[in-house]
Amino acid sequence: MFTKKYVKHGQILIRHAEKLLRYRRDVLSESTLGEFKLQIDAVRQTLKNRDEARAKEESDRLHDLYMKHLPAPKDASWRENVEVILVAVVVAIGVRSYFLQPFKIPTGSMQPTLNGIIGHRAFVANEGEIPIDQKPQYEKRSDGWYWKNYPADGAKPNILRQVAEFFILGRNYINVVAEKDDVIEQIVPKKYGFFFTFSQIVCQKGSYLVYAPPDTLKQDFRVSAGGRYKKGDVIARGAVDTGDQVFVDKFSYNFIRPHRGDVFVFRTDNIAGIPGDPETGEHSFYIKRLAGLPGNTLRIDPPLLYVDGKLAEGFGFARVMSAKPPYHGYAAGRDYMAMPAQTFTVPPHSYFAMGDNSEHSYDSRWWGPVPEPNLVGRGLFVYWPFTWHWGLIR
């Protein structure tokens, strides 16, 4: 601790120089070996004499000699870049595993607090087919209702607008037109990476790859197996807004108990009412609002939610129960709390999950409480797209 800096520096140089001599003694000339020994002795003597100025001078000479005969590593720049990339990957994996995990909202169960993937048809013939929360985005024209953001001529917006809206709003325009008279046989999901979900519309005479999940095509664009189209007919035209991308805090729940009102993410395995993927058997992740802690007794009297006999407290619950559009309040369940007088007490080590879009949320009212080991973490921050949802999740 109390050794002067120049002494430490000189001693380190001596150690490295002696190490180099041991490794390269068989390839260095006798004169070079002698030069190293003399310089090492010179540094060691100045350190012994505590001659700081002379010690620094001799140390610099030893350093230059050392660097002159130090073999350059092969492909140094390439190896350095690989090391940097590997370190970055390891750090990213560590952060994702223990601290923050990105998560994409796939469905509309938490709307409008968090958006799932939303499709906007360019043209709707019947006003009744427009979702209530999307109706302000449509306008009546002579032959039907049109989404305001889509050009009247049916062509996609110019490429600059498409790029800007994709990066800012997460919006992607689709325009699928039948190339011949055809019938849709099936719609197959195609996933590329973590965020990109496509659909392969497989017809009898051809197929189309669309940047939209099958559920969005079915619900928002009315595209499903069995659909018949003539050459030139529009199969799907409009835009698809990506689901909100959020960071999930996986760290906090290791030290503090979940709070009622948290927006939280959980795995769906070991929940009997939620089947796995029919092809792979894999289970997915859901994001909901935590409505009930272990021991809480819940009751729904639409549009209100009661916890232990009192109205649920907290900003998130109050916002839903206000039933002010675009919120609609809490709806009765199916297997749990189906009637206003029916209550449910959350078992130990379990949590009751409910979506803010209660009328269209597949949650604990259908399949029961979430086991404690299934908890992943708390929804923390919407990082993309840059809409009014961007920021901390409430």
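From the alpha carbon centroid of the range 35-101 to that of the range 256-331 is 56 Å.
So what is the relative contact order for the range 1-102, in percent, with contacts set as C-alpha pairs under 8 Å and at least six apart? Mind dumping the intermediate values first?
Numbers: 45 pairs, mean separation 29.2, N = 102.
Computed value for the range 1-102: 29 percent relative contact order.
Carbon-plus-sulfur accessible fraction, the range 207-297 (probe radius 1.4 Å, protein heavy atoms only): 48%. Just one of [x] -0.22, -0.77, -1.42; [y] -0.33, -0.88, -1.27; [z] -0.44, -0.87, -1.40 is log10 I(q)/I(0) by the Debye sum over Cα atoms at q = 0.06, 0.11, 0.15 Å⁻¹ calculated from these coordinates, so which is it? Evaluating log10 I(q)/I(0) by the Debye sum over Cα atoms at q = 0.06, 0.11, 0.15 Å⁻¹ on these atoms matches [z].
The aspartates and glutamates whose alpha-carbon is closer than 18 Å to the alpha-carbon of LYS140, local same-chain residues fewer than 8 away aside, are GLU127, GLU129, ASP153.
Please identify every one of the trypsin sites (Lys or Arg not before Pro) in the range 183-231 that sits in a loop by DSSP and has no more than 15 other beta carbons within 10 Å of its own beta carbon.
Values: sites: LYS190, LYS191, LYS205, LYS218, ARG222, ARG228, LYS230, LYS231; in loops: LYS205, ARG222, LYS230, LYS231.
Those that pass, being in a loop and sparsely packed, are LYS205, ARG222, LYS230, LYS231.
What number, in percent, do you get for the relative contact order of the chain if the mean sequence gap of Cα pairs under 8 Å and at least 6 apart is divided by its residue count? Can you show the working numbers first?
Values: 709 pairs, mean separation 60.5, N = 394.
Contact order relative to length: 15 percent.
Taken over the range 1-87, lysine pairs spaced eight or more positions apart, or on distinct chains, with alpha carbons under 28 Å apart number 27. Per residue, the range 1-116 exposes 71 Å² of accessible surface when a 1.4 Å probe is rolled over the protein heavy atoms with every protein chain present.
Enumerate the aspartates and glutamates that LYS205 could reach by cross-link, defined here as Cα to Cα under 19 Å, with residues fewer than 8 away along the same chain left out. Here the aspartates and glutamates satisfying the reach criterion relative to LYS205 are GLU179, ASP181, ASP182, GLU185, ASP233. Close amide-amide hydrogen proximity is noted between GLN186 and VAL202, each under 5 Å apart and 5 or more residues distant or on a separate chain (H modeled in the peptide plane; Pro and chain starts excluded).
Straight Cα distances below 26 angstrom link LYS310 to the lysines LYS288, LYS324, with same-chain residues fewer than 8 positions distant left out. When the chymotrypsin sites (Phe, Trp or Tyr not before Pro) in the range 323-386 are filtered for DSSP coil states and for at most 14 other beta-carbon atoms within 10 Å of their beta-carbon, the remaining sites are PHE386. The largest accessible area among GLU185, GLU313, GLU52 belongs to the first residue in GLU313, GLU185, GLU52, and the rest follow in falling order (1.4 Å probe, all chains).
The values are calculated or read from the model by the stated rules, or taken from the named source; none is laboratory data. Just so we're clear, the structure is a prediction, and the values are computed from it rather than from any experiment. As a convention, Cβ positions derive from the backbone with ideal geometry for all residues, glycine included, and neighbour counts pool all protein chains shown. In case anyone asks, the SASA skips ligands and DNA or RNA and just uses the protein heavy atoms, side chains included. Shrake-Rupley method; radii C 1.70, N 1.55, O 1.52, S 1.80 Å.
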